[in-house]
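> There's a structure below that I have some questions on.
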Amino acid sequence: MRDFIAATPRFKVALDLIPTGVAGISVAGWADARTFLQDAVTAADAQTADPKQALDDAATKTNEALARN
């Protein structure tokens, strides 16, 4: 491992972060919820959707995803 890190030092950054890492959210439906929010923000940023409407739609989809799982 030391030889690998010496040859590719950028990977040491990831190893150095391990002690400060935390587990991600483990709630059924969260992955979908994160995607809905990300898509809404992207659409608002790209001005392809009204921000409030995009976030309202994301909230509705998120509630549905969390309820079904």
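> Using the charge dipole of the chain (Lys, Arg: +1 at Cβ; Asp, Glu: -1 at Cβ; taken about the Cα centre), state which of 30, 53, 9 has its Cα farthest towards the positive end.
Of the listed residues, the answer is 9.
> Give me the compactness ratio for the chain, meaning the Cα radius of gyration over 2.2 N^0.38 Å.
Working it through for the chain, the quotient is 1.70.
> Please state the relative contact order of the chain as a whole percent: Cα pairs under 8 Å, 6+ residues apart?
Result for the chain is 32 percent.
> Oh, and also: GNM on the chain, C-alpha springs below 10 Å: top fluctuator among 57, 16, 32?
Among 57, 16, 32, the largest mean-square fluctuation in the Gaussian network model of the chain belongs to 16.
> For region 54-61, in order, what is each residue's ³J(HN,Hα) by Karplus, 6.51 cos²θ - 1.76 cosθ + 1.60 with θ = phi - 60°, in whole Hz (x at glycine and Pro)?
4, 6, 4, 5, 5, 5, 4, 4
> Take the chain, connect every pair of alpha-carbon atoms lying under 10 Å apart with a spring to form a Gaussian network, then pick out the residue of 33, 49, 58 with the largest mean-square fluctuation.
49
> Per DSSP helix of 4 or more residues, -39500 (n - 2.57); summed, then divided by the residues of the chain. What does that give at 222 nm, rounded to the nearest 500?
Taking each H run of at least 4 residues, the total per residue is -21500 deg cm²/dmol.
> Once you charge only the Cβ atoms, +1 for Lys and Arg and -1 for Asp and Glu, what is the size of the charge dipole of the chain about its Cα centre, to the nearest 20 debye?
In total the dipole reaches around 360 debye.
Bear in mind that the values in this text are calculations on the coordinates, not laboratory data. Predicted model, so just to flag it, every value in this text is computed and none were measured. Because the Cβ atoms are built from the backbone with ideal geometry, glycine has one as well, and the counts that use them run over all protein chains shown.
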